[in-house]
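The values are calculated or read from the model by the stated rules, or taken from the named source; none is laboratory data. All values derive from a computational prediction rather than experimental measurement. Neighbour counts run over all protein chains shown; Cβ positions are idealised from the backbone, glycine included.
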There are 2 protein chains.
Amino acid sequence: MTGYVRNLAERARLAQREIAALDSPSRVALLEAMADAVDAGRQDILDANAKDMSRAEGKGTQGAMLDRLKLDSARVDGIVQALREVAQLPDPVGEVTRSEERPNGLRVEKVRIPLGLIAMIYEARPNVTADAAALCLRAGNAVLLRGGSEACDSNVAIARCLHRALESRGLPPEAVSLIEDTGREHVLELLQLSDLIDLAIPRGGEKLIHFVAENARVPVIKHYKGVCHLYVDRAADPDVATRLAIDGKLSRPGVCNALETMLVHADMAADWLPTALAGLASRGAEIRGCERTRKAFPEARAASDADWDAEYLSPILSVRVVDSIEDAIAHIQRHTSDHTEVIATADDQAAEHFIRAVRSSAVSVNASSRFNDGGALGLGAEIGISTTRLHSYGPMGLESLTIERYVLRGQGHVRHPDLQ
Amino acid sequence: MTGYVRNLAERARLAQREIAALDSPSRVALLEAMADAVDAGRQDILDANAKDMSRAEGKGTQGAMLDRLKLDSARVDGIVQALREVAQLPDPVGEVTRSEERPNGLRVEKVRIPLGLIAMIYEARPNVTADAAALCLRAGNAVLLRGGSEACDSNVAIARCLHRALESRGLPPEAVSLIEDTGREHVLELLQLSDLIDLAIPRGGEKLIHFVAENARVPVIKHYKGVCHLYVDRAADPDVATRLAIDGKLSRPGVCNALETMLVHADMAADWLPTALAGLASRGAEIRGCERTRKAFPEARAASDADWDAEYLSPILSVRVVDSIEDAIAHIQRHTSDHTEVIATADDQAAEHFIRAVRSSAVSVNASSRFNDGGALGLGAEIGISTTRLHSYGPMGLESLTIERYVLRGQGHVRHPDLQ
């Protein structure tokens, strides 16, 4: 433990007080200044990114990994635009979520305040540096950023722009603190700072998230993977079921709210299933099925046990025929990643039963699993998605970066007047 | 790791599904049955407690420690009564906290569901066994209990009663699982079960809470101590300030929402302070003051640096004279335990400034710090108090034992209709 990260965190925590003390219009103006500064610093950012790219290419990085790292002028526009969008989101800070006068005349309110200092630990995409800073500051927090070594130069260049914006508004640049030295020992040090860091959010591959979860003494909200299920009920509208299957599996197979497994009631296996699977296959899906699925659709490969827990991140769908909604629920309870589960049914009672029995962060009736993200659910930008059933469950918007606390207002109210 | 606790937790987690599936009247009836069963099992509980007491006396346990352990018929009445009160609290499960139709016609709701499996790790008072079980089950959760070795027989006897109540309602007794073997290695095992336990709540001395915090891989909500401050502003009503000081320090000095430190604006030091401190001293308080305090009230002992961080749990008050509200806020920011801070002032602007600058779980204007508990704030019974600024901050009632998740309702809604 070097004290390097502790020192950064202490200064970030002090800076947070100044961010928390700003009124909402000042925080909006700060985010607009951050957008302006990234816009103005565009060339520095692109130059820095070119260094990251050539280093990555030198190491043999290719394909999606390299694409995630890459910035061009259009992607910098995207960063600027995202900053301006977060600036315009409704401010959760100061919201009164409860207000009550107690029988003794004491007024009790619950009011949202910022969480404090948030640590983001992430990989690859340099835009996270700006996105996370924007969401944290908009909700009155400071942020301690630790990006991946592959994007090191880009992250430093973006952070410099954000610092200039903070300084231009007379605010301490330490409110956005980047751990520039990307040695892993610094992540370990960060994860021990339970007196300074209120929440750590890891974003990246399962390996990074496990490392954070296993080493953290600070609170962590995380999300390992999304194994989302579609259950096609005996009372499903066949067209609706087909739509949900195609959209869920094929509209963007590489994301966490894509479908991985379809459970089909036996009554739908004879007529609907062969047509639906043929439609999926003709659009490029690979089907891996149980024995009954393969009877209905012989082109399907045999599913192995591992298929029921797989997050494919590709156009593969595992399919199982079940005898009842209970069997579908039992399968989900066993294999759920607590992310998103969908039922296609025209039977309201079946829908309500499914909703109650399944405890994932989102349950959807006759709507695609792909709607489980901050934008689609009306939260605006999201800082991550939580499958931790604490504090925030599902997409995390600005509200998730705040906490409700009590404000009491009396006129000399005491618990034991007889003591006076 | 023996697997003993994992086995208990796996069974408790399965049992939780049956509790979560109950409707609210059935959970009320279950809690009433638990109250009846404790009432009926009174003699077994008292006999078991007699064994705990004689073992504790044999070990030389005395005073408050022994008193906390002791049960008599009146205290069993208290347990029965508490169970009936929790039964009657409003049910948070199923509450719709947001309901919106998105522009595309998709209905998005946030709905409260139970957290899942909650672990309670506690010491001494056997009533926690029943209280914690009642709160957890009322909110649809299961609970894994690990009480202290000193109350082992009492806890087993109470748990047996609760099991009989569960069985009488056709429910699995594992929904209330007690770790009967009180070896510390079992706590360590429990704290690693991040795949089974949704939340651990430690209740007891600072040593126990540190042990849990330092060894947990499961989410922990905790509270170390309460160092509560009263700031007497230059614009304070003198009578109000006196009332808050007496009530805060003396109405129950051994609890976490008692005052420990009073900060007094210099303008109040000449007239108000000597009288107020004399009043406190005449009621049995010991005053430890800064130099300026001792000028105003020479009977005060000199405060040392350690006094500003002390939770006395006794009728001692540290007092410091400050030159401004800013100095008071700076003192609080440095020494706060994030529990409760109070301002006495008739100046609304000063009050609002204090509220914004202080980020403790409760900030109180002209009302005693002693109001920061679940009962006084209208939550009913509380399972603990959180100074962790995540999920729940301040007293934790039933709502804190739930989480909001998303329910989506569509009519075949998809993200990318062009794929169809």
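Which condition does A:Arg164 not pass, out of (1) in contact (Cβ under 8 Å) with a residue 60 or more places away in the chain; (2) in contact with an Asp or Glu (Cβ under 9 Å, 6 or more places away or on another chain), if it passes all the others? The single condition A:Arg164 does not satisfy is (2). Find all pairs meeting these conditions: Cβ atoms under 8 angstrom apart; at least six residues apart or on different chains; first residue within the stretch A:383-402 and closer than 19 Å to A:Ala213 by Cα and more than 10 Å from chain B (Cβ to nearest Cβ); second residue of a type in the set (Phe, Trp, Tyr) and outside any strand (DSSP E or B). Taking only residues 6 or more apart or on different chains, the pairs are A:Thr387/A:Tyr224.
Being away from every other protein chain (no Cβ under 14 Å) and small (Gly, Ala, Ser) is not true of B:Ala276.
Looking only at residues of the stretch B:78-111 that are farther than 30 Å from B:Asp39 by Cβ, surrounded by 15 or more Cβ atoms within 10 Å (Cβ to Cβ) and touching a residue at least 60 places away in the same chain (Cβ under 8 Å), we find that the one that is nearest to the chain's Cα centre (by Cα) is B:Val111.
Using the structure shown, decide if A:Leu208 is in the same structural domain as A:Ala124 (by TED's automatic domain parsing), closer than 29 Å to A:Arg160 by Cβ and at pLDDT 95 or above. For A:Leu208, the condition - in the same structural domain as A:Ala124 (by TED's automatic domain parsing), closer than 29 Å to A:Arg160 by Cβ and at pLDDT 95 or above - is not met. Which of the residues belonging to the stretch A:151-184 are modelled with pLDDT under 95 and closer than 14 Å to A:Ala48 by Cα? Residue satisfying the conditions is A:Glu180 alone. Just wondering, is there one or more residues in the stretch A:109-128 that are more than 14 Å from chain B (Cβ to nearest Cβ), modelled with pLDDT of 95 or more and in a helix (DSSP H, G or I)? Looking through the stretch A:109-128, none of the residues is more than 14 Å from chain B (Cβ to nearest Cβ), modelled with pLDDT of 95 or more and in a helix (DSSP H, G or I).
Has the stretch B:238-249 got at least one residue that is among the polar types (S, T, N, Q), farther than 19 Å from A:Ala216 by Cβ and within 10 Å of chain A (Cβ to nearest Cβ)? Looking through the stretch B:238-249, at least one residue is among the polar types (S, T, N, Q), farther than 19 Å from A:Ala216 by Cβ and within 10 Å of chain A (Cβ to nearest Cβ). Of the residues A:Val218, A:Val212, the single one that is under 30 Å from A:Leu144 (Cα atoms) and part of a loop (DSSP other than H, G, I, E, B) is A:Val218. The condition of being touching a residue at least 24 places away in the same chain (Cβ under 8 Å), buried (at least 18 other Cβ atoms within 10 Å of the Cβ) and out of contact with any His (no Cβ under 8 Å at 6 or more places or on another chain) holds for only one of A:Leu188, A:Leu193, that being A:Leu193. Residues that are out of contact with any helix residue (DSSP H, G or I) (no Cβ under 7 Å at 6 or more places or on another chain), within 14 Å of chain B (Cβ to nearest Cβ) and not polar (S, T, N, Q): does the stretch A:77-92 have at least one? Looking for residues that are out of contact with any helix residue (DSSP H, G or I) (no Cβ under 7 Å at 6 or more places or on another chain), within 14 Å of chain B (Cβ to nearest Cβ) and not polar (S, T, N, Q), one finds at least one in the stretch A:77-92, hence yes.
The condition of being surrounded by fewer than 23 Cβ atoms within 10 Å (Cβ to Cβ), aromatic (Phe, Trp, Tyr) and either within 23 Å of the chain's Cα centre (by Cα) or modelled with pLDDT under 95 (or both) holds for only one of B:Tyr406, B:Tyr312, that being B:Tyr312. In the set (1) at pLDDT 95 or above; (2) touching a Cys at 6+ places or on another chain (Cβ under 7 Å), the condition left unmet by B:Arg138 is number (2).
When we screen A:Gly78, A:Gly94, A:Gly60 for residues that are part of a loop (DSSP other than H, G, I, E, B), of a type outside the set (A, V, I, L, M), over 30 Å from B:His353 (Cα atoms) and not assigned by TED's automatic domain parsing to the domain that holds A:Gly254, the only hit is A:Gly60.
The condition of being of a type outside the set (D, E, K, R), in a loop (DSSP other than H, G, I, E, B), within 14 Å of chain B (Cβ to nearest Cβ) and under 30 Å from A:Ala29 (Cβ atoms) holds for A:Ile197. For the stretch A:167-185, filtered to residues that are without any contact (Cβ under 8 Å) to a residue 24 or more places away in the chain and small (Gly, Ala, Ser), the residue that is farthest from the other protein chains (Cβ to nearest Cβ) is A:Gly183. Take A:Gly248 and decide whether it is surrounded by fewer than 18 Cβ atoms within 10 Å (Cβ to Cβ) and in contact with a helix residue (DSSP H, G or I) (Cβ under 8 Å, 6 or more places away or on another chain). Spelling it out, it is not the case that A:Gly248 is surrounded by fewer than 18 Cβ atoms within 10 Å (Cβ to Cβ) and in contact with a helix residue (DSSP H, G or I) (Cβ under 8 Å, 6 or more places away or on another chain). Within the stretch A:194-249, which residues are of a type in the set (Val, Ile, Thr) and over 28 Å from A:Ala351 (Cβ atoms)? Hits for the stretch A:194-249 are A:Ile197, A:Ile201, A:Ile209, A:Val212, A:Val218, A:Val220, A:Ile221. Residues in the stretch B:362-382 that are within 10 Å of another protein chain (Cβ to nearest Cβ) and over 27 Å from B:Asp267 (Cα atoms): 7 in all.
Each residue in the stretch B:347-361 was checked for being touching a residue at least 40 places away in the same chain (Cβ under 8 Å) and either surrounded by fewer than 17 Cβ atoms within 10 Å (Cβ to Cβ) or at the interface with another protein chain (Cβ under 7 Å from one of its Cβ atoms) (or both), and 1 pass. With respect to B:Ala350, is the statement that it is in contact with a helix residue (DSSP H, G or I) (Cβ under 9 Å, 6 or more places away or on another chain) and within 16 Å of B:Cys228 (Cβ to Cβ) true? Criteria not met by B:Ala350. Residue count for the stretch A:1-21 under the criterion of being outside any helix (DSSP H, G or I), touching a residue at least 60 places away in the same chain (Cβ under 8 Å) and closer than 22 Å to B:Ile355 by Cα: the result is 0.
Can you say whether B:Ala157 is in a loop (DSSP other than H, G, I, E, B) and closer than 21 Å to B:Arg42 by Cα, as far as the supplied structure shows? In short, no. Screening the candidates A:Ser54, A:Ser24 for the property of being in contact (Cβ under 8 Å) with a residue 60 or more places away in the chain, of a type in the set (Ser, Thr, Tyr) and over 21 Å from A:Ile179 (Cβ atoms) yields one hit, A:Ser24. The number of residues in the stretch A:160-186 being under 15 Å from A:Met120 (Cα atoms) and basic (Lys, Arg) comes to 1. Among the candidates B:Leu171, B:Leu193, B:Leu144, the residue that is farther than 26 Å from B:Gly78 by Cα, out of contact with any Cys (no Cβ under 6 Å at 6 or more places or on another chain), of a type outside the set (Val, Ile, Thr) and in the same structural domain as B:Ile403 (by TED's automatic domain parsing) is uniquely B:Leu193.
Just one of the listed residues (A:Val232, A:Val227, A:Val220, A:Val212) is touching a residue at least 12 places away in the same chain (Cβ under 8 Å), more than 13 Å from chain B (Cβ to nearest Cβ) and crowded, with 20+ Cβ neighbours inside 10 Å, and it is A:Val227. When A:Ala74, A:Ala50, A:Ala64 are screened for being over 14 Å from A:Ile383 (Cα atoms), at pLDDT below 95 and either in contact with a helix residue (DSSP H, G or I) (Cβ under 7 Å, 6 or more places away or on another chain) or of a type in the set (A, V, I, L, M) (or both), only A:Ala64 passes.
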